[in-house]
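The values are calculated or read from the model by the stated rules, or taken from the named source; none is laboratory data. Quick caveat: nothing in here was measured; it's all calculated off a predicted structure. Counting neighbours? That spans all protein chains shown, and the Cβs are built from the backbone with ideal geometry, glycine included.
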Amino acid sequence: MKKLIALIGSLLIATSLFAQNSSITVVRQIPATTVTNLLSGRYLIEEWSFYNTNAATTALLKAYDWASGATSVVRASYIYRTNVLGTNSLVYTNSAGLTATNTEIVRIATNVTAAAVTNEQTRLREYQIPAATDAELANPPQVARGLTVLSDAAGWITITYRLPQ
């Protein structure tokens, strides 16, 4: 009975180790000028390639570490505190009947609102793939949030990835 339990336990451990180290390959069509989310989560891309199906145009493929169908990010508005120099003037009439003015330079603390800004997400990689070419893409990235791509020409992408260790 102990040997059976030990055998089942070792099979479960071997299966889980194999599952963690196994790679997954995905082949997906990429439409022209359409943001496409391929992976969501943290992965190590072992190899990837892009087949440019356009016979006349070089494709520009941009890769982002992002897990949505967008390549822009909005930085929300925020308030920060700053100091500015100003003057403070006091005009008064003294006991002798003379008008006097005291002017001081003062530091004034004030709140400033920085406007919201829309920027392009930081690109992981950018590739140019010649027309009608199947290109192996160099330096496959490790993504923390996911993999989103944008190409100006239609094509097919093949990605082999696994969970990072």
Kindly establish whether residue 73 is at pLDDT below 95, in a strand (DSSP E or B) and either closer than 30 Å to residue 52 by Cβ or assigned by TED's automatic domain parsing to the domain that holds residue 43 (or both). yes
Taking the stretch 59-101 and keeping only residues that are in contact with a Lys or Arg (Cβ under 7 Å, 6 or more places away or on another chain) and over 30 Å from residue 154 (Cβ atoms), one is left with 83, 85
Any chance residue 153 is at pLDDT below 90, more than 18 Å from the chain's Cα centre (by Cα) and of a type in the set (A, V, I, L, M, F, W, C): no
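Among the residues of the stretch 67-88, is any of a type in the set (Lys, Arg), under 30 Å from residue 165 (Cβ atoms), surrounded by fewer than 14 Cβ atoms within 10 Å (Cβ to Cβ) and touching a strand residue (DSSP E or B) at 6+ places or on another chain (Cβ under 6 Å)?
Narrowing the stretch 67-88 to residues of a type in the set (Lys, Arg): 75, 81.
Then drop every residue that is not under 30 Å from residue 165 (Cβ atoms), which leaves none.
Within the stretch 67-88, none of the residues are of a type in the set (Lys, Arg), under 30 Å from residue 165 (Cβ atoms), surrounded by fewer than 14 Cβ atoms within 10 Å (Cβ to Cβ) and touching a strand residue (DSSP E or B) at 6+ places or on another chain (Cβ under 6 Å).
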Residue check for residue 86: out of contact with any helix residue (DSSP H, G or I) (no Cβ under 6 Å at 6 or more places or on another chain) and at positive phi: no
So for the stretch 10-20 (the condition being farther than 23 Å from residue 136 by Cβ and at pLDDT 60 or above), does at least one residue qualify? yes
Filter result (closer than 16 Å to residue 73 by Cβ, in a strand (DSSP E or B) and among the charged types (D, E, K, R)) within the stretch 104-160: 120, 123
Six or more apart or on different chains, Cβ under 8 Å: which pairs go from a residue in the stretch 108-137 that's at positive phi to one that's surrounded by 10 or more Cβ atoms within 10 Å (Cβ to Cβ)? Could you list them? 132/52; 132/53; 132/54
Residue count, the stretch 138-165 (criterion: at positive phi and without any contact (Cβ under 8 Å) to a residue 24 or more places away in the chain): 1
So for the stretch 116-129 (the condition being surrounded by fewer than 11 Cβ atoms within 10 Å (Cβ to Cβ), more than 18 Å from residue 25 (Cα to Cα) and hydrophobic (A, V, I, L, M, F, W, C)), does at least one residue qualify? yes
